[in-house]
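Asks: My structure is below; once you've seen it, I'll send some questions.
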Amino acid sequence: MQPNLIDIPKEFYPFESAEPFKECMVCGIDLTLGTIDYFVEKAVKNNVEYQVQDIVFEYAICSACAHTMQQSISKESQQNMQAFFTNRQAFMSKMQAYQRGEGEPLEELISRCSLYGEPITEMSEYMMLGHFRGGKMITTTMPYIMGGKAMDELSGLMSNETIDEMNKFKDQYFGGPVELEGLWKGKPVFL
Ligand SMILES: [Zn+2]
């Protein structure tokens with residue numbers, strides 16, 4: 001079945017860019033052709049008082065590279081991550097409603113932590129993830145936001161090996177201000 005495609009919300013564009021991501025960070029494949037799906041992940045640090053955002057890291061990764069990346073995560077960590085989401089009934093219901101086309105409007109959905117409902121304007125850090133094809137967003141996968149609290153809980157379920165793998169991945173691809181990098185050490189990269 002062909003998934004439905006909608007315009008990509010600007011929140012998933014590269015920071016301060018007027019256009020979506022164009023290539024896979026890992027293999028460099030041209031994502032604008034729409035020949036392979038991709039994911040965009042962003043980690044945002046938000047100054048709650050001034051409402052100024054810094055991007056800790058952001059990238060697009062094609063589904064082939066994401067799959068390879070997933071293979072490097074231990075079975076146990078994969079199962080723990082999966083259980084983390086499936087055990088949260090409210091999150092799962094929200095996702096199922098979204099897949100049926102009966103979910104909250106997209107703007108509403110990406111304005112709060114998908115697990116705890118905290119508005120992003122009130123969180124000092126959060127991550128966002130979405131699924132795309134070419135210049136469009138795939139509506140059969142709910143984009144989600146994860147706030148600091150949910151991230152801490154999830155990273156607590158990772159094995160040390162998995163966290164090492166994820167840190168290696170981050171070290172390899174992300175530069176950026178050192179003080180921000182320090183903040184995200186040990187936080188998982190979600191795929
Ligand atoms: Zn790739």
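Asks: How high is the relative contact order of the range 5-161? Use alpha-carbon pairs under 8 Å, at least six apart in sequence, and give a whole percent.
Replies: 29 percent
Asks: Sticking with this one: Can you give the helix-only mean residue ellipticity at 222 nm for the chain, where every DSSP H stretch with n ≥ 4 adds -39500 (n - 2.57) and the sum goes over all residues, rounded to the nearest 500 deg cm²/dmol?
Replies: Computed mean residue ellipticity for the chain: -9500 deg cm²/dmol.
Asks: Scan the range 72-138 for trypsin sites (Lys or Arg not before Pro) in coil per DSSP, keeping those whose Cβ has at most 15 other Cβ atoms within 10 Å, and list them by number.
Replies: Sites meeting the loop and neighbour criteria: R100.
Asks: Pick from G130, G147, G103 the residue whose mean-square fluctuation is largest in a GNM of the chain, springs joining Cα atoms under 10 Å.
Replies: G103
Asks: I've got another one for you. In the structure displayed, which of K10/K75; K10/K94; K22/K149 lie more than 29 Å apart, Cα to Cα?
Replies: K10/K75; K22/K149
Asks: Now for a different question. Compute log10 of I(q)/I(0) for the chain with the Debye formula, placing one identical point scatterer on every Cα and leaving out solvent, at q = 0.16, 0.17 Å⁻¹, to two decimals.
Replies: For the chain at q = 0.16, 0.17 Å⁻¹, log10 I(q)/I(0) is -1.11, -1.28.
Asks: Kindly identify the range 41-139 as rounded, prolate or oblate by the Cα gyration tensor criterion: order the square roots of the eigenvalues as a ≥ b ≥ c, call it rounded if a/c is under 1.5, otherwise compare a/b with b/c, prolate if a/b is larger, else oblate.
Replies: It is rounded, given that a/c, with a ≥ b ≥ c, falls under 1.5.
Taken together, the values in this text are just the output of simple stated rules run on the coordinates, not laboratory data. What you are looking at is a predicted structure, and each value in this text was computed from that prediction instead of being measured. Reconstructed Cβ throughout: ideal geometry from the backbone, glycine too, with neighbour counts over all protein chains shown.
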